[in-house]
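Inspection log for the structure reproduced underneath, given as structure tokens.
Only the coordinates and a few stated rules stand behind these numbers; no lab work does. Since the model is a prediction, treat every value here as computed from it, not as a measurement. Backbone-built Cβ (ideal geometry, glycine too); neighbour counts: all protein chains shown.
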């Protein structure tokens, strides 16, 4: 029995020790350590929150009563010697006072006690900064913080300072300096608690300096951030610059809840000596107590700011800055770099100026000081302005506003980035594009069909030069919207200079389904928003299936009656037609029937725009062309201009054109009886009796059967004989002898060529000479010789004046590996051709291109064989290998007038160039960056030759297609004097068939003439979205397929996704741009092919 009793006693003792150990876990180690040297310690006791405080917005009176009941319940279990009460907080479920070991034992065993920690001390953290945070812009607008009360918990205030006295509305002091709970302390009256006038008289200076930063009137010191704000000054810091017990801070905050309901902002430029990593709400009893009162204040619309501390720590912050609902503030230099003394970690909320801050000081003076203490009141003053202005009122709104800033700073101690507050913000503004065609609603066109592309353009302006967070187009009630992109090709330089204060233009292009659409546009500069229009929506495009089905119009002839009818389909007939301008002179237009009729009087090519409107009314337009041919040769003045058969050949120069002249050479013999109908030969001599007069017979030996048409005297090249028949020719009557390329009259025309075309090789004057024009077509004999045409017939035009691709260049990003820029070109013909291959890099900046590569070099290949390379054009090329015929020197390049330094200045010596003469064939030019450099580059191939025996017929460039300035941009020139058909292709997925990795998935092509978009295409099997002037005509997918060069004829992978435009263009310069659909990127290829002769 005794053994059993002993066992029960032992177990009971063990249970008691376990309970005691578990209870003492609530007591902080610093409390236990302090008990080793003294029998009584100052502590803060955090109690459990009553149920009434656990709802989102507790009733303060109910909470206050519940806290009082809870506090009384805990204290009722103690005797006076166990615990001497210092503070029974009204709105914080906590107590502070002095406790003995016995008291701590009882308290820790109480289930309503959560944690007990030492009542620790702390310290304070030692004006051009006002404009820096843009508070002065609020002042200019009349906002001074006048309706806002700010509580400053600090060392007090110089109550009679000229800049502060008028702002002070109440004073309090909570300052126990010895912890004896004997009523003695550091308040101005010598107690530990004082209220009313004089209670917060500053005996240190820190509080006066902090208060002046918030609300100085600017009479003696610089004006504060919120000069109109009112101040409740609560002194909790002694003359030494320290507070001794953090329970006094809790008491001051508790007082604000109970006695100062007008306070909306609290500033605490002070903190504990202990630093905490991350949020510290539950780390100690006193932090739990402070967090509880801060949370109650925030729930009731009060925002609190605290300095992060001046230990230079990149990991920890002091309390109360470490609490989650306190806005913690670090300090920056006025140059917007982080002050070296600032504490920061991932929980820091904002930064503000805190170095060399001028503000009020004791004895009506001023002081320049630095510290996070100076940064925190900048944010408190800014909060007062925001509340007064009404732009941010609740704590959440104010904190979000302060954290949303375009000025970001990085703390080098930990690499973390924080917002530096910017108190005032100019909201962004949206306006409609002013470009031609966009009217007053930023939309072009305003109507069309479901296959048309509609472009929306808007100008974003921000006085603070802040870029937009987003610009979204909302169509047909779509609240999410789609993002608009920065347009870098705007013709207005100010809208593409990167200065948002001046305005930048944004664009979004899309197609629409049939119907009537509406839209609005929204934006944000990260802080404020803007909307266009301010309310409601704009009428968007009217889209229907109305279309003009006429694809082309027949040609007419000057002086002859013309008639052609336009046709349309879709929509709701009847239709009304309109052609505002551009018809050939003499033609009229019927607006009801769409018939064009009349008699054109002048030949030429006429481009115009036709509009059709149905009864909706919806309108569709289309560009068309009428070609008027010259007046027919019939001896009649058909176009009534006083000239008969103008433009027709008149060999003998009389009043009749050859077509109606019975004797074209005016030698007295009618054409039918004349043995040389076009050559004057009144004697009709015919030595060889072949029926062809000697004057025009090239093979005049009797019995010779050579024909001047099928077997010309000197062959097609006028240099070598073609057979023995030619070698035996001797025509005494035209004095021809010697080599075929002889030029006895030195007029630049070979004798053989002159003989072939009935010109006298011994006469350099008049129509026989180089400047003669016997057929009256405007081309001299020399031009006809060089161009391979017949000088006797006006319908035979020199080849050099036929349309051709004269220059082609491509701009885009140049990277490394497969993503360098690779340009291919083809020379067709029978003779070598001189071309200038150029690689542009730094000079592109002269044309406003950003990110240009600094030092390009180019390589020229024939197949896999490297022919030539060049780094800087002023340096001779490194090699010139076969099949190259020859390569030019830097002086030769300069002589073309196309060297880099002749067209630009910036870094022009760094651009690369190769001038080379190449035989017909396919070639590849590769542009890279020296040393692996990257950036935007341009590769160009220029036709540097006038030979008629060869020409450039194709060029293509492969490289990465990104976004913005880094899409692929190909430029080309159509030379000559008439229109040329070209096929422009954008390759993407099909490149995979040639082993290219990273090919873009879905390219689309845009064709421009200057700033005017002519045509666009996404997938080549889909008709192009538009075909605008100056295009003569555009081909269908079937026309593209007929060329044999459509994507699906040359590859398989994703071939339907490649883009193509087949278009006939007049002479001029054009630009083809390859982009990715929906901003897609990857390796792409742009190609321009000459179609036809």
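Observations on the model:
- The packing ranking, built from the mean of other Cβ atoms within 10 Å per residue, places the peptides 74-85, 1014-1025, 182-193, 341-352 in the order 341-352, 1014-1025, 182-193, 74-85, highest first.
- Along its three principal directions, the equivalent ellipsoid of region 23-118 from the Cα gyration tensor extends over semi-axes of 25, 13, 11 Å, largest first.
- Antiparallel bridges, percent of DSSP beta bridges restricted to region 319-380 (to nearest 5): 60
- The alpha carbon convex hull volume per residue for region 137-419 rounds to 112 Å³.
- Sites residue 615 and residue 560, calculated FRET efficiency, Cβ-Cβ separation with R0 30 Å, nearest 0.05: 0.25
- In this entry, region 429-543 is assigned a mean projected area of 6.7 nm², taken as a quarter of its C-alpha convex hull surface.
- Under the criterion of Cα pairs below 8 Å and six or more residues apart, the relative contact order for region 979-1093 equals 45 percent.
- Ranked by how many other beta carbons lie within 10 Å on average, peptides 903-910, 155-162, 516-523 from highest: 155-162, 516-523, 903-910
- Computed from the C-beta positions of residue 105 and residue 203, the FRET efficiency with R₀ = 30 Å rounds to 0.15.
- The slack between residue 1011 and residue 997, meaning 0.36 nm per residue of separation minus the straight C-alpha distance, is 1.7 nm.
- Subtracting the Cα-Cα distance of residue 526 and residue 191 from their residue separation scaled by 0.36 nm leaves 115.6 nm.
- Cβ crowding within 10 Å ranks 400, 449 as 400, 449, fewest other Cβ atoms first.
- Taking 985, 1075 and counting other C-beta atoms within 10 Å, the order from fewest to most: 1075, 985
- Using the Cβ-Cβ distance between residue 1077 and residue 828 with R0 set to 41 Å, the FRET efficiency from 1/(1 + (r/R0)^6) comes to roughly 0.75.
- Sequence-separation-based contact order of region 23-118, relative, with Cα cut under 8 Å and 6+ spacing, percent: 46
- Fraction of antiparallel bridges per DSSP, region 137-419 only, in percent to nearest 5: 35
- Label-to-label distance, nm, for residues given as residue 336 and residue 34 (7 Å Cα→Cβ offset): 4.6
- Ordered from longest to shortest, the equivalent ellipsoid semi-axes for region 547-629 are 24, 11, 10 Å, each the square root of 5 times a Cα gyration tensor eigenvalue.
- Protection-proxy order for peptides 382-388, 481-487, each taking the mean of Cβ atoms within 10 Å per residue, highest first: 382-388, 481-487
- Ranked list, fewest to most other Cβ atoms within 10 Å of each Cβ, for 461, 372: 461, 372
- Estimated distance in nm for a label pair at residue 393 and residue 666, the labels positioned 7 Å out from Cα along Cα-to-Cβ: 10.0
- Based on Cα contacts under 8 Å between residues 6+ apart, region 547-629 shows a relative contact order of 37 percent.
- Model label points for residue 417 and residue 629, set 7 angstrom from Cα along the Cα-to-Cβ axis, are 6.9 nm apart.
- Reciprocal of mean inverse Cα separation for region 193-319 (Kirkwood radius, Å): 15.9
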